[in-house]
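All remarks here apply to the structure that follows.
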Amino acid sequence: MTTLLNISGTFGYNSTEGGSYQAVVYYIALSCFNGIYAPYIQPVIIILLTNNGEWAVAWGVQAIAPSGSVEYNENSIILYGSGHAVTLYCTFNLTIKANLNSQGEITSAWVYIENAKTGQVYFNQTVNLEYPILDKQVFFEVEDPLNDSKPVPFPIIPSSNYVFVNALASNSTWLFEAGLPFSDGTEFIMKPPHATAYVIPTFGPETQGVQYYW
């Protein structure tokens, strides 16, 4: 699966939310939706703001084991600066290509993260998985990350009608060219966004955000 992730607008530290830092994470993932600790793999883009007036944009690649522990984790800073708000005009290519064994399990995945405007590649390699992932569902998510099983406060983030653009998920028997928000898009606010794919507007008491999956 692949998508262009459009992050445009002004992100700001939300004083009403509090916290030493606030973060929002955009990602696609492969998994089987059966609970919070289902194994999955994901490339992510993270926007972080602190109460000290610093901000950063980072990329990351994570594979999560069935226990919820991190099996694989690599990340790096893309942009950073000072100020309680930052205006961004970024587009990223997030792509995952899975390799399956004879039981239909994902045993490794090629993950690609690119700045779609500049062509700079941040990650381009295959990740071998210790715990196979069932080839069941794909996720396109906007989420606050967890910190000791508690959600990190959201910053003020712009609502964009084009967060996941040109989204595509396919396998050997199915091809999906609709269902993700090609025109209506998704918003971070806590209500079902416009999409024909099945939508879960919240994940439960431990986190918040919006999630699309087939």
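The values are calculated or read from the model by the stated rules, or taken from the named source; none is laboratory data. Bear in mind that the values here come from a model prediction, so they are computed numbers and not experimental data. Methodologically, a virtual Cβ is constructed for each residue, glycine included, from the backbone with ideal geometry; neighbour enumeration extends over all protein chains shown. The area values use the complete protein model at the heavy-atom level, side chains included, leaving out ligands, DNA and RNA. Shrake-Rupley method; radii C 1.70, N 1.55, O 1.52, S 1.80 Å.
For region 132-167, give me the residue count where each residue is surrounded by fewer than 17 Cβ atoms within 10 Å (Cβ to Cβ), more than 15 Å from the chain's Cα centre (by Cα) and modelled with pLDDT of 75 or more.
The qualifying residues number 2.
Quickly run through region 109-126 and pick out the residues that are in contact (Cβ under 8 Å) with a residue 12 or more places away in the chain and either of a type in the set (A, V, I, L, M, F, W, C) or open to solvent by less than 50 Å² (accessible area, probe 1.4 Å) (or both).
Ala109, Trp110, Val111, Tyr112, Ile113, Glu114, Asn115, Ala116, Tyr122, Phe123
Would you confirm whether any residue within region 78-89 is modelled with pLDDT of 95 or more, within 16 Å of the chain's Cα centre (by Cα), open to solvent by 10 Å² or more (accessible area, probe 1.4 Å) and β-branched (Val, Ile, Thr)?
Yes - at least one qualifying residue is present in region 78-89.
Among (1) open to solvent by 40 Å² or more (accessible area, probe 1.4 Å); (2) modelled with pLDDT of 60 or more, there is one condition Ala178 misses while meeting the rest; what is its number?
Result: Ala178 passes all but (2).
Go through region 1-24 and report how many residues are under 20 Å from the mean Cα position of the chain (by Cα) and at pLDDT below 90.
10
Cβ-Cβ distance below 7 Å, separation of 6 or more or different chains: which pairs start in region 90-108 with a residue that is in contact (Cβ under 8 Å) with a residue 12 or more places away in the chain and open to solvent by 20 Å² or more (accessible area, probe 1.4 Å) and end on one that is among the acidic types (Asp, Glu) and assigned to a strand (DSSP E or B)?
Every condition considered, the pairs that remain are Asn93/Glu114.
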